[in-house]
Protein chains: 2
Amino acid sequence: MENMNIKKLAKELNLSVSTVSKALHDSYEIKAETKEKVLALAKQLNYQPNPFASSLRRNSSKTIAVVIPEIAHNFFSLVINGIESIAEELKYHVLIYITHEIPEKEEQIIRHLLNGRVDGILISSSGTSNNNAHYHELIQKGIPFVFFDRANFDVDAPRVTTDDYQAGFQATEHLIKSQCKHFAFLSLSNQMSAINHRKDGFLAALNQYQIKPSHVHIIEAGTDETLSFQIIRDSLQPLPESLGIFSSVEKLAIQTYHICKEINIRIPKQLKIISFSNLPTAALLNPALSTLTQPAFSIGKEAALLLFQNIKNKGKIQPITTLPNVVLKSTIFIRESTKI
Amino acid sequence: MENMNIKKLAKELNLSVSTVSKALHDSYEIKAETKEKVLALAKQLNYQPNPFASSLRRNSSKTIAVVIPEIAHNFFSLVINGIESIAEELKYHVLIYITHEIPEKEEQIIRHLLNGRVDGILISSSGTSNNNAHYHELIQKGIPFVFFDRANFDVDAPRVTTDDYQAGFQATEHLIKSQCKHFAFLSLSNQMSAINHRKDGFLAALNQYQIKPSHVHIIEAGTDETLSFQIIRDSLQPLPESLGIFSSVEKLAIQTYHICKEINIRIPKQLKIISFSNLPTAALLNPALSTLTQPAFSIGKEAALLLFQNIKNKGKIQPITTLPNVVLKSTIFIRESTKI
DNA sequence: TTTAATTACGAAATCGTTTTCGTACTCTTC
DNA sequence: GAAGAGTACGAAAACGATTTCGTAATTAAA
C-alpha cells in the first residue's frame, strides 16, 4: 500500500488500466456509472497520478519558470504575486530562478530549461542586448516565453512593459518645474531596456526644455551594492547646484537617501529626487519620496496571461498579427522629496 | 532532429542506450575512451536528458517546494534568496507556493505535493495549531520537510526559527526603559508560533517590571489589510498615555506609521514603536524605526541545508538524536521611533 | 592449462501514465 | 435480417530515461 498508482487502483476495481485512466479524465468512452466508481475509489484511496509519468507521456509539465534578476525587491515580488495568482488559477506550478543580475547566469538557466522541464518562461532579462543566442534556442525548441519589464527588443517575443519613456519624461519635467538646475539620471547599466527607455524620456525632457548638456549627468552605478554606493557618493561631492535626481530604480534612491543622511545633504532643499519604486514606505520616508510606481502585480498577471495563451496556442498556426506588446501605465506620486 | 534523446545519441555513436546512459553517469563499467566519445557528442548535439523520464525512473525530482504565506514581504523574499543560494549550488529547482495566510490553502498545497512532485518542502506555516493532518501525511509518505520562522510545534519536524522570546523580551524591556507607561502588542493572529513567542517575551518583560495588567494591550489585527488598518486606528483613539507599541510584524508597523500620520500622532513623542522588520528603509523612515531584524537570508540557508540533509538521509536509519532545531539570533536596532 | 575474476558492453525490464487501436456487444435502419 | 453506427471496455505501445542482468572477451590466479 506504500504508494498508490493507477495499476493498483485498476486491480482493485476489476478494470483495466486504460479504462481507469479514461474514467479519471472523464472520457466519453466510459459510462457514467463506471466513472463514478473509479472517482469514488480514487478519492477513498487518495490516489494522485504521478506527475512525472504524466508529464513524460503528455510532454507537458504544467509548470512555468520565472527568471528574475533578484527577488528581494518589492517590484519583483509583487510581479511574482501577480504571476502566481494566474498560475494558481490554471493549476500551474511556478519555478523561480534568480540571476543575480549576471547575464551568464541567465543564459545558463535558460539553456537548462531547454530540456522541457517547463511549458513556458517569464523573463525579466539581465542580459546584455548583444547576447540573444539563448532566446533563439528557446524559439527553436518551441518553448514559449514572455519578457516583462526588462525585455530584449531584438528578440521576437511578447513583452509586458510599462510606459517608461513617458514616465521618464514626466518625472524629469517635474524636476525641471521644481526649479532644479542640474539633472542626474541614476542607472544600473546601459544594457537594460526599461532603464534605457527611462533615460530616453529623461533626455528628451531636458532637451525640450533646453537644459544645457553640461548640466546633465548620467550616473551608471552598476549592480554591485558597495560599488554603487561609492559611485553615487562621489558624484554628490561636490554637490551640483539645485540638483534633481531621477533614479531609475528604487535601490539606488534608497542608497542616495543613506548617503545624503551620511554626508548631510538636505532633501529636498539641496537635492531633489524622484524614483521608480514600489516601496510601501515611500510616503513614510524622511522626506517622503516622490515616486513613479509601476503596476507590478498587473505586470505579473498580464505576462502570465500572455504566456499561457502562447502555451495553449503552441503548435497551432499563429495568426499573422503583430507581436503582443502590452504596455501598462505607471503612476506618479509627488511627495516632499521634490518639493520646491 | 527536433528533439535529441538518448536513443538517437546511442544510434549516432553505434552504442547501446544503456552504455550511453552509463557513460553519461560516469559509471565504472564504461572505459574512459568511450566516456569521452559519449560526452563529446552529447555536448555537440546539445543533448539534455528528459527530466521527467529521469525523475520517473529514479523516483526523485531534484526539486523542492517553498510554501509561504506571502511573497511581497521583505522577510520572505530574503528567505527565498537564502534558500535559492543553496538550491542553486546543489542543482535543485525551487517551486514557490503562496498561501495568502489561508490555512485551507496551505493544506491544499501540501496535499497536492504528496504526489511526489518534490523531494522536500520548506514551510512557513499559516496553519492553525489544531490542524496537523496534512503534515502527518507528509511524514507518512516519507517526504521530508522543514519549518522555518512559523513552525507547528506539535509536529515532529526540523525547525529553523529565531530567538523570538528573547527578542520580544528585549524589545519590551527597551520600551519600558524608554519610559512608556502603556504597552501594546500588535499581532496578526494568536495561531502563529513565532508571533506567540514574541508575545510571551513581551508579557514576561512586562511582568518582570511589574507593569499593571490594565496597561497591557494585545491587539490582534488579523491578516486582512483594510480590517487591520481600522483595528489599529481604533485602538489608538483615544491614545493611551505614553504608549509603547511592539509590533510583531513589519506590515503592522507600517500601517501604524500611516495611521499616525493621518491622525497626527507624533512618534516618538506621543507613541513609541519598535517592530520586527527587515525593511531596508527602516533607518530612513520619519522617524527612523527601531527594529528587531531577523537574519532572514541565513534562515533560508539553514532551512535549506537541513532539508537537503534530510533528503539525503531518506530511507537510511535515522540516528536517534534530538530533532534539529536551529535557533538564530535577531538583532535589535534602536532608532528614533523609541527615543525618549 | 584450467578456472576464476575482471572488463566493457548490450538486451530488456522498469518507472506510471496516456493513447491508439482493436473488439465484443447492442442498437438502428432500410 | 444484414449492414452500419454507436457504446464500453481492454491490450499493448509509447514517452525517455535508469538499472538489472547476462555475456563475450580479456586478464589473472592456481
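Considering segment B:167-272, the qualifying strands (runs of 3 or more DSSP E), each wholly inside and each with 1 or more residues that are surrounded by fewer than 22 Cβ atoms within 10 Å (Cβ to Cβ) and in contact with an Asp or Glu (Cβ under 9 Å, 6 or more places away or on another chain), run over B:182-187. The set of residues in segment A:228-249 that are among the β-branched types (Val, Ile, Thr) and farther than 12 Å from A:HIS182 by Cα comprises A:ILE231, A:ILE232, A:VAL249.
Please enumerate the residues belonging to segment B:326-340 that are hydroxyl-bearing (Ser, Thr, Tyr) and open to solvent by less than 40 Å² (accessible area, probe 1.4 Å).
Let us first name the residues in segment B:326-340 that are hydroxyl-bearing (Ser, Thr, Tyr), namely B:330-331, B:337-338.
Within segment B:326-340, B:SER330, B:SER337, B:THR338 qualify.
Residues of segment A:114-136 include none that is open to solvent by 40 Å² or more (accessible area, probe 1.4 Å), facing chain B (nearest Cβ under 9 Å) and farther than 16 Å from A:LEU307 by Cα.
Looking at segment B:73-89, can you tell me whether even one residue there is in contact (Cβ under 8 Å) with a residue 60 or more places away in the chain, at the interface with another protein chain (Cβ under 9 Å from one of its Cβ atoms) and of a type in the set (D, E, K, R)? So far as segment B:73-89 goes, yes, one or more of its residues are in contact (Cβ under 8 Å) with a residue 60 or more places away in the chain, at the interface with another protein chain (Cβ under 9 Å from one of its Cβ atoms) and of a type in the set (D, E, K, R).
Counting only helices (runs of 4 or more DSSP H) wholly contained in segment A:1-100, the ones carrying 3 or more residues that are within 16 Å of DNA strand D (Cβ to nearest atom) and β-branched (Val, Ile, Thr) occupy A:17-24.
Within segment B:290-301, does at least one residue satisfy the condition of being in a loop (DSSP other than H, G, I, E, B) and either basic (Lys, Arg) or modelled with pLDDT of 95 or more (or both)? I'd like the intermediate steps shown before the answer.
First, pick out the residues of segment B:290-301 that are in a loop (DSSP other than H, G, I, E, B): B:294-295.
Filter again for either basic (Lys, Arg) or modelled with pLDDT of 95 or more (or both), leaving B:294-295.
Yes, because at least one residue in segment B:290-301 is in a loop (DSSP other than H, G, I, E, B) and either basic (Lys, Arg) or modelled with pLDDT of 95 or more (or both).
A Cβ distance below 7 Å, combined with a sequence gap of six or more or placement on separate chains, defines the contacts here; from segment A:49-63, residues that are more than 7 Å from chain B (Cβ to nearest Cβ) reach residues that are open to solvent by 70 Å² or more (accessible area, probe 1.4 Å) and not hydrophobic (A, V, I, L, M, F, W, C) in the pairs A:LYS62/A:LYS91.
In segment A:92-106, the qualifying residues are those that are more than 9 Å from chain B (Cβ to nearest Cβ) and either touching a strand residue (DSSP E or B) at 6+ places or on another chain (Cβ under 7 Å) or over 23 Å from A:GLY222 (Cα atoms) (or both), and the one that is most open to solvent (accessible area, probe 1.4 Å) is A:TYR92. Which residue is farthest from the chain's Cα centre (by Cα), if the candidates are limited to segment A:256-273 and must be more than 22 Å from A:LYS177 (Cβ to Cβ) and among the β-branched types (Val, Ile, Thr)? Among them, the one singled out is A:ILE263. Screening the candidates B:ASP149, B:ASP164 for the property of being at positive phi and not hydrophobic (A, V, I, L, M, F, W, C) yields one hit, B:ASP149. Comparison of B:SER290, B:SER298, B:SER275 shows that the only residue that is in contact (Cβ under 8 Å) with a residue 12 or more places away in the chain and open to solvent by 10 Å² or more (accessible area, probe 1.4 Å) is B:SER298. Of all the residues in segment A:47-63, those that are within 9 Å of DNA strand C (Cβ to nearest atom) and at positive phi number 1.
Conditions tested, residue by residue: (1) within 24 Å of B:TYR97 (Cα to Cα); (2) open to solvent by less than 30 Å² (accessible area, probe 1.4 Å).
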| site | (1), (2) |
| --- | --- |
| A:LEU45 | no, no |
| A:PRO49 | yes, no |
| A:PRO69 | yes, yes |
| A:LEU78 | yes, no |
| A:ILE83 | yes, yes |
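Residue pairs whose Cβ atoms lie under 8 Å apart, sitting 6 or more positions apart in sequence or on different chains, and linking a residue in segment A:204-222 that is free of Cβ contacts under 8 Å to residues at least 40 places away in the same chain to a partner that is among the acidic types (Asp, Glu), are A:ALA205/A:GLU173; A:TYR209/A:GLU173. Determine, yes or no, whether A:ILE30 is on the phi < 0 side of the Ramachandran plot and open to solvent by less than 10 Å² (accessible area, probe 1.4 Å). Answer is no for this residue. Taking segment B:9-25 as the range and being away from chain A (no Cβ under 14 Å), under 44 Å from the mean Cα position of the chain (by Cα) and away from DNA strand C (no atom under 12 Å from the Cβ) as the test, only B:HIS25 passes.
The values are calculated or read from the model by the stated rules, or taken from the named source; none is laboratory data. Keep in mind that this is a model prediction, so the values were computed, not measured. We place every Cβ from the backbone using ideal geometry, glycine too, and count neighbours over all the protein chains shown. To get the accessible areas, we keep the full protein, side chains included, count just its heavy atoms, and leave off ligands, DNA and RNA. Shrake-Rupley method; radii C 1.70, N 1.55, O 1.52, S 1.80 Å.
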